């Protein structure tokens, strides 16, 4: 018999104001044991509302939420947050300033006896590398250290899943990368499953086994990161995930565009007007006096140069080139496009 998913949402919707679009609309997803799931989307896409619904801080208007196969919300069923087997790490960490790190980690531990609670709290503080600071207070810590304590407090409850709300947004760039790796290690070492919400694609792609892209409260696509990048299901996903330009074309004996004809595997009828998704690493060029493009600009990005190439139609295509390849704006070039995966959208 198959084991139930750790977290299941079935057609869950949530509105905050009558007459306004729902914050979450008919959202369905599953989190399996051992997985890290990232909910990715712009501000207002519904990702934090989805997390709050799972945690029990919000009540769904429709649909059902199950934890480990048991309903916790939907219809007449309602299990309060403190009775759900969930650990929560808030964006601002929400540590109690008047409690030591040990007391913070012990807060909410469902074990009788102060000594037993403190022993459990010390175990998780040691796990996150904060055992030596157990008697300190939150204001004595850096942002990264506070995050470790918040994670320890969530783990101390013995949850089946950890929820992380924009866990790295308050950290600087260097600390963000370090803490992302550290949190990933802690989750892996503890065998913990997790759902994190973020607007940062790098965080989602580097940490998560599965990424769900939300837009206006609806799930546009949920797949492995590489599937989202190479074969997005919708134009929104194509545009939001990674960088993409869109080249007009038409289905004939192939996909005909102003930079060439591509093999047609779309299954669309001839005459269909489409847009072809073009990633910067699909575009190359060589200087040519009778070329079909013009270098409109160049931005140095450390490991690469990002060129803007103007086509005769006025459309700009971005091209990733090595950091030592430097050509001036105004140079005429022959533009070639070789998509790793041909993705088209009817218009």
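The values are calculated or read from the model by the stated rules, or taken from the named source; none is laboratory data. Note that the structure is a prediction, hence the values are computed from the model and not measured. Positions of Cβ are backbone-derived with ideal geometry, glycine not excepted, and every protein chain shown enters the neighbour counts.
Couple of notes before you dig in:
- Residue within the range 94-106 that is closer than 22 Å to residue 172 by Cα and in a strand (DSSP E or B) present: no
- The single condition among (1) within 14 Å of residue 216 (Cβ to Cβ); (2) modelled with pLDDT of 95 or more; (3) touching a helix residue (DSSP H, G or I) at 6+ places or on another chain (Cβ under 8 Å) that residue 49 does not satisfy is (3).
- All strands (runs of 3 or more DSSP E) inside the range 1-90 with 1 or more residues being surrounded by fewer than 18 Cβ atoms within 10 Å (Cβ to Cβ), in contact with a strand residue (DSSP E or B) (Cβ under 9 Å, 6 or more places away or on another chain) and assigned by TED's automatic domain parsing to the domain that holds residue 160: 7-14, 24-31, 62-67, 70-74
- Of the strands (runs of 3 or more DSSP E) that lie entirely inside the range 232-312, those containing 1 or more residues that are without any contact (Cβ under 8 Å) to a residue 40 or more places away in the chain, in the same structural domain as residue 324 (by TED's automatic domain parsing) and under 23 Å from residue 326 (Cα atoms) span 293-300, 304-310.
- Pair list, Cβ under 7 Å, 6 or more apart: the range 125-150 residue under 16 Å from residue 169 (Cα atoms), other residue part of a helix (DSSP H, G or I): 143/175; 144/175; 144/178; 144/179; 146/138; 147/179
- The condition (being within 11 Å of the chain's Cα centre (by Cα), surrounded by fewer than 19 Cβ atoms within 10 Å (Cβ to Cβ) and not in a loop (DSSP other than H, G, I, E, B)) is satisfied by just one residue among 178, 202: 202.
- Top-ranked residue in the range 130-156 [being in a loop (DSSP other than H, G, I, E, B) and over 29 Å from residue 67 (Cβ atoms); ranked as modelled with the lowest pLDDT]: 142
- The one condition in (1) in contact (Cβ under 8 Å) with a residue 12 or more places away in the chain; (2) touching a helix residue (DSSP H, G or I) at 6+ places or on another chain (Cβ under 8 Å) that residue 154 fails to fulfil: (2)
- Hey, residue 150 closer than 23 Å to residue 81 by Cα and surrounded by 21 or more Cβ atoms within 10 Å (Cβ to Cβ) or not: yes
- Residue in the range 111-121 that is free of Cβ contacts under 8 Å to residues at least 40 places away in the same chain, in contact with a helix residue (DSSP H, G or I) (Cβ under 6 Å, 6 or more places away or on another chain) and assigned to a loop (DSSP other than H, G, I, E, B) present: yes
- Number of residues in the range 319-347 that are touching a helix residue (DSSP H, G or I) at 6+ places or on another chain (Cβ under 8 Å) and either part of a loop (DSSP other than H, G, I, E, B) or farther than 20 Å from residue 226 by Cβ (or both): the value is 7.
- Screening residue 121 with (1) over 18 Å from residue 171 (Cα atoms); (2) surrounded by fewer than 19 Cβ atoms within 10 Å (Cβ to Cβ) gives one miss only, at (2).
- Meets criteria (at pLDDT 90 or above, under 22 Å from residue 57 (Cα atoms) and assigned by TED's automatic domain parsing to the domain that holds residue 200) for residue 159: yes
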